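Engineer: Shown below is the structure under consideration.
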Amino acid sequence: MRILLISEMIPCLPSHDGFRLIPANLIRNLFDRHEIHLIALSRDGEGEEQSEWPRRYCRSVSIFRSDHGIRAKVRAITGAIDPALARFTSDAVAKVRPDVLHLEGGGLAPLLRSASQGLPAILSVHDSKALRYREFAGYAARARPRFRLKLLSVLARHQERRWFGYADRVVVTSPSDAQALLAAVNAQRIAMIPNGVDLEYFAYQPAPEAGRIVFTGNMSWPPNEDAAEHFARDLMPAIRSRVPAASFWIVGAQPSARVQNLSSLPGIHVTGTVADIRPWIWSAAVFASPLRFGLGVKNKILEAMASGAPIVATSRSLSGTPLIDGRHAMIADDDAKFGDSVARLLADSVMRESLSREARRKVEAENSWDSVAAAYEGVYREALADRDRQPSSALTLEPLSNKKRVLGKSK
């Protein structure tokens, strides 16, 4: 199969940015049985190393230097596409003559109409931005950011309804995002494929340090920022009263001032960016994920499961990753229960080992990148088969906002 993949960011590994993980691992797992051509949008701060990484896997790689000025900001708000990118994509479609067009990132959705030229098209959006902004608004402390986030949610919902319906398949990572997109896309054309994890890179080799609680992620991301502060200020005092040696390690890039200030509290450590996240996960006696908002599959959870770190997490942390409480992880949404679970687990090595091994077995069975790549191959074949069954007069898809909505079961 000849695939033209267009990505909002340059796929590369290793990556501190969760967005790149899906296209990078798809390329790496599909290149030996498919012909892949890549167009990747370049952002400020990306160097030659990022641009070179995909060349070992792709038949051709084109880097599109995207505009970051005021016009780009206006297009992001209005849902328009850069005309130069549309022309660039149209030329690539004519030259490559792909069997399938794969768009990685919801911001590329307008290309479905302007440049797809009738090809079977897959839109991988990871999550619903409209749902994400609405969730963020619910936890915004001040009125102005809350209003801004609500407005962004409305604009994102409009863009989803305007463009997503032109895709043959829209891929999301969790049931909540699939449900959120039903107003924009027929259920039959929504595919749910979870994120994967590199089981060799995140090898199972737990080496817990006594009392160490670890939380990872980009620490300027609002859900992580909120979770780190809430755990450090509201839960750690009670945990330390029961386990005096307990320490909370906040590990991840770009910690905000709000997160950095937490290091002044007893037992709290903020590392900032680290060269390799794995030793920190392996060192966790407990891997805590106290997220209170934010949906979609959490890479941090998959990485902890693969690495052997015993997990205490909120239900919100496990959106798209169904785990059994007491078997794969300790699950708690109440502050008192969450803190109690962490304290109990710090003191119970037998339970820690049991959770660790069961979580590794589950992630091996369900979240290898091989299985994720195979699921995408299935989606490509479904889209091709659907197009083959359609008469030529019916090959132009339309969003639900342009026609009567038809409900059905998602595949």
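Engineer: Set Lys and Arg Cβ to +1 and Asp and Glu Cβ to -1, take the dipole of the chain about its Cα centre, and tell me which of G105, L355, P310 lies farthest positive.
Structural biologist: The one lying farthest along the dipole's positive direction is G105.
Engineer: Right, next: Put +1 on the Cβ of every Lys and Arg and -1 on every Asp and Glu Cβ in the chain; which of H37, P290, F88 then has its Cα farthest towards the positive end of the dipole?
Structural biologist: In the chain, that residue is F88.
Engineer: Treating the angle as unsigned and between 0 and 90°, give the value, to the nearest 10°, between the Cα long axis of helix 129-138 and the longest Cα principal axis of the chain.
Structural biologist: Here the helix axis deviates by roughly 30 degrees.
Engineer: Note the listed values (1) 5, 21, 31, 25, 14, 4, 0, 0; (2) 4, 17, 21, 20, 16, 11, 7, 3, 0, 0; (3) 5, 23, 34, 28, 9, 0, then indicate which one is P(r) over Cα pairs in 10 Å bins from 0, in percent calculated from this particular structure.
Structural biologist: Structure-derived value, by its label: (1).
Engineer: Any idea how far apart R242 and R361 come out in nm if each label point goes 7 Å out from Cα toward Cβ?
Structural biologist: My value for the distance between the label points is 2.7 nm.
Engineer: Now for a different question. Cα axis of helix 335-346 to longest principal axis of the chain: angle in degrees, 0 to 90, nearest 10?
Structural biologist: 70
Engineer: Counting only protein heavy atoms and a 1.4 Å probe, tell me what percentage of the range 295-352's accessible area is made up of carbon and sulfur.
Structural biologist: 50
Engineer: Moving to a separate point now. Mind putting a number on the dipole of the range 288-346 about its Cα centre? Charges go on the C-beta only, +1 for Lys and Arg and -1 for Asp and Glu, and I need it in Debye to the nearest 20. Don't skip to the end; give the middle numbers.
Structural biologist: Details: 7 positive and 6 negative charges, 26 e Å.
That gives the range 288-346 a dipole magnitude of about 120 debye.
Engineer: Which whole-number percent gives the relative contact order of the range 121-212, counting Cα pairs below 8 Å spaced six or more residues apart?
Structural biologist: 30 percent.
Engineer: While we're looking at this one, here's another question. Could you report the chain's accessible area per residue, 1.4 Å probe, as an integer in Å²?
Structural biologist: On the way: 18230 Å² over 411 residues.
Per-residue accessible area for the chain comes out at 44 Å².
Engineer: Please sort by residue number the trypsin sites (Lys or Arg not before Pro) in the range 142-187 whose DSSP state is loop and whose Cβ has at most 15 other Cβ atoms within 10 Å.
Structural biologist: R142
Engineer: Once phi is turned into θ = phi - 60°, what whole-Hz ³J(HN,Hα) does the Karplus curve with 6.51, -1.76 and 1.60 give for every residue of the range 13-25, x standing for Gly and Pro?
Structural biologist: Rounded to whole hertz, the list is 9, x, 9, 8, 9, x, 4, 6, 4, 5, x, 5, 6.
Engineer: Also, quick follow-up: With +1 on each Lys and Arg Cβ and -1 on each Asp and Glu Cβ, how big is the dipole of the range 35-86 about its Cα centre, in debye rounded to the nearest 20?
Structural biologist: I would put it at about 200 debye.
Engineer: Place +1 on the Cβ of every Lys and Arg and -1 on the Cβ of every Asp and Glu in the range 118-229, take the dipole about the Cα centre, and give the residue among A156, P222, I190 whose Cα lies farthest towards its positive end.
Structural biologist: A156
Engineer: Assuming R0 = 35 Å, what is the FRET efficiency of V154 and R258, from their Cβ-Cβ distance, to the nearest 0.05?
Structural biologist: Given R0 = 35 Å and the Cβ-Cβ separation, E is 0.85.
Engineer: With +1 on each Lys and Arg Cβ and -1 on each Asp and Glu Cβ, how big is the dipole of the chain about its Cα centre, in debye rounded to the nearest 20? Intermediate values should be presented prior to the final figure.
Structural biologist: Working: 55 positive and 44 negative charges, 287 e Å.
I would put it at about 1380 debye.
Engineer: With a ≥ b ≥ c taken as the square roots of the eigenvalues of the C-alpha gyration tensor of the range 199-350, please select rounded if a/c is under 1.5 and otherwise prolate if a/b is larger than b/c or oblate if it is not?
Structural biologist: Values: a/c = 1.18, a/b = 1.06, b/c = 1.11.
Rounded.
Engineer: Could you work out how far helix 83-96 tilts from the main Cα principal axis of the chain, as a 0 to 90 degree angle to the nearest 10?
Structural biologist: Between helix and principal axis, roughly 70 degrees.
Engineer: Any chance you could check the Cα centroid distance between the range 25-61 and the range 211-247 for me, in angstrom?
Structural biologist: That distance is 37 Å.
The values are calculated or read from the model by the stated rules, or taken from the named source; none is laboratory data. Since the structure is predicted, the reported quantities are computational estimates derived from the model, not experimental observations. Cβ coordinates were reconstructed from backbone atoms using ideal geometry, including for glycine residues, and neighbour counts include every protein chain displayed. Just the protein is used for accessible areas: all its heavy atoms, side chains included, with ligands, DNA and RNA removed. Shrake-Rupley method; radii C 1.70, N 1.55, O 1.52, S 1.80 Å.
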